[in-house]
Amino acid sequence: MTQEEGDLDSLVRKRIRALRVAQGWSLEELATRAHLSQSSLSRIENGQRRLALDQLVTLARALDTTLDQLVENAADDVVISPMVHGTHGLSWPVKGDPTTSVMRQRLTEPPPDNPAKMRAHPGREWLVVLSGTAILMLGHRRYRVETNQAAEFPTMLPHAIGADGGPCDILGIFDRDARRGHREPGDRLAIGDCDREGS
């Protein structure tokens, strides 16, 4: 067994125990749910018994998780570096859900008040104001979103986001459909510039 395989083996055993403890289950209770003997489960958790695929499948099911999650090794992916999107800020891929995008943007201009200049498209968006005050326009309604406040809205409503009385930094979170709705020519993602063509 290589060092990497040994590390994963140890991680899986720790994860089984941690999931069992988080459920408040004894060895006996999980063993019963997984159709194993209590001593077999104890030896699996303690590294005294080889991990077998069929037992891992059964344990994953009993622990209400998947085999993929049980054996996932994400140790190298804890810190994610942002990608720069021109003047539109930074974007971080969300590893757990590849259909979601996260982007940080500095807004300096107010949003357009004219609904004809707002965007509408399938999807859902969330935003968190990191500093300053943002104005969220949803149709004819205007919302002030202050530092540390968040907003969530369906993007089928005509919408635009801008700054109020000075620059503001926001973190935008887009589902797959909302992300497509904010694509610009050149494959850049725009949050605040909702009156651009080509999205």
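The values are calculated or read from the model by the stated rules, or taken from the named source; none is laboratory data. Values in this document were obtained by computation on a predicted structure and should not be read as measured data. With ideal geometry, Cβ positions are generated from the backbone for all residues, glycine too; neighbour counts draw on all protein chains shown.
Can you go through 8, 30, 56, 36 and tell me which one is of a type in the set (A, V, I, L, M), in a loop (DSSP other than H, G, I, E, B), over 30 Å from residue 125 (Cα atoms) and at pLDDT 70 or above?
Unique residue meeting the criteria: 36.
When you scan segment 68-85, do you find a residue that is out of contact with any Leu (no Cβ under 8 Å at 6 or more places or on another chain), modelled with pLDDT of 90 or more and either under 30 Å from residue 129 (Cα atoms) or not in a loop (DSSP other than H, G, I, E, B) (or both), even just one?
No, there is no match, as no residue in segment 68-85 is out of contact with any Leu (no Cβ under 8 Å at 6 or more places or on another chain), modelled with pLDDT of 90 or more and either under 30 Å from residue 129 (Cα atoms) or not in a loop (DSSP other than H, G, I, E, B) (or both).
Could you list, ordered by first residue, the pairs with Cβ atoms under 9 Å in which the first is in segment 102-114 and more than 15 Å from residue 143 (Cα to Cα) and modelled with pLDDT of 85 or more and the second is outside any strand (DSSP E or B) and among the aliphatic types (A, V, I, L, M), at least 6 apart or interchain?
Here the result reads 105/190; 105/191; 107/191, each pair linking segment 102-114 to a residue that is outside any strand (DSSP E or B) and among the aliphatic types (A, V, I, L, M).
When segment 145-166 is examined, which residues are found to be of a type outside the set (Val, Ile, Thr) and surrounded by 13 or more Cβ atoms within 10 Å (Cβ to Cβ)?
149, 151, 153, 154, 156, 157, 158, 159, 160, 162, 163, 164
Name the single residue that is nearest to residue 12 (Cα to Cα) among those in segment 44-68 being buried (at least 16 other Cβ atoms within 10 Å of the Cβ) and β-branched (Val, Ile, Thr).
In this case the residue turns out to be 44.
So the check is Cβ under 7 Å with 6+ separation or different chains; which pairs have a first residue in segment 14-43 that's surrounded by 15 or more Cβ atoms within 10 Å (Cβ to Cβ) and a second one that's outside any helix (DSSP H, G or I) and hydroxyl-bearing (Ser, Thr, Tyr)?
Close Cβ pairs satisfying both conditions: 19/65; 31/37.
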